[in-house]
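*Asks:* One structure, pasted below without further comment.
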Amino acid sequence: MTTMTKTAEWIPRLLRSIDERDWDTFVSYLTDDAEFRYGSGSTAVGRESIKSAADMAVSPFAAVEHEILSVWEGPDSTVL
């Protein structure tokens, strides 16, 4: 895994919350007006809608596990 700066230290915790289906923790990282879209699905707006959409996105899978392979950090964005 590529070392992340202090700015991005929260990313593994965010991904773990998805893997554990801990939607309250997941949405705590989001702004009130955040948008979420999985694949070609419709866009969910706001934390409550995102909780439901995220749960539906991973519900077909017995398990979900994110693995960070590389990290690129720019002044206004981070790409995993």
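The values are calculated or read from the model by the stated rules, or taken from the named source; none is laboratory data. Everything numeric here is computed off the predicted structure, so don't read it as measured data. A quick note on method: Cβ atoms are made from the backbone with ideal geometry, for glycine too, and the neighbour counts reach across all protein chains shown. To get the accessible areas, we keep the full protein, side chains included, count just its heavy atoms, and leave off ligands, DNA and RNA. Shrake-Rupley method; radii C 1.70, N 1.55, O 1.52, S 1.80 Å.
*Asks:* Note down the accessible area of Leu80, probe 1.4 Å, to the nearest 10 Å².
*Replies:* About 100 Å², ignoring ligands and nucleic acids.
*Asks:* Tell me the accessible surface of Asp76 in square angstrom (1.4 angstrom probe, heavy atoms of protein chains only), to the nearest ten.
*Replies:* 150
*Asks:* In Å², and per residue, what accessible area does the chain have when probed at 1.4 Å with the other protein chains present? Walk me through the numbers before you get to the answer.
*Replies:* Working: 5770 Å² over 80 residues.
Result: 72 Å² per residue.
*Asks:* Using a 1.4 Å probe on the protein chains only, how many percent of the accessible area of the chain belongs to carbon and sulfur? Mind dumping the intermediate values first?
*Replies:* Details: 2930 of 5770 Å².
Using a 1.4 Å probe with all protein chains present, the chain comes out at 51 percent carbon and sulfur.
*Asks:* Show me, for the stretch 31-48, the HN-Hα J-couplings you get by feeding each phi into the Karplus relation (A = 6.51, B = -1.76, C = 1.60, θ = phi - 60°), rounded to Hz, glycine and proline as x.
*Replies:* Going residue by residue, I get 6, 4, 9, 4, 10, 9, 9, 10, x, 9, x, 6, 7, 9, 10, x, 4, 5 Hz, with x marking Gly and Pro.
*Asks:* From largest accessible area down, sort Ser42, Ser59; use a 1.4 Å probe on the protein chains. Please report the intermediate quantities before stating the final value.
*Replies:* Numbers: Ser42 100, Ser59 70 Å².
Result, largest first: Ser42, Ser59.
*Asks:* Where nothing but the Cβ of Lys and Arg (+1) and of Asp and Glu (-1) is charged, how large is the charge dipole of the chain around its Cα centre, in debye to the nearest 20? It would help to have the intermediate numbers written out before the result.
*Replies:* On the way: 7 positive and 14 negative charges, 14 e Å.
Roughly 60 debye for the chain.
*Asks:* A further question on this structure: Leaving ligands, DNA and RNA out of it, work out the accessible area of Thr31 with a 1.4 Å probe and give it in Å² to the nearest 10.
*Replies:* Accessible surface of Thr31 is approximately 80 Å².
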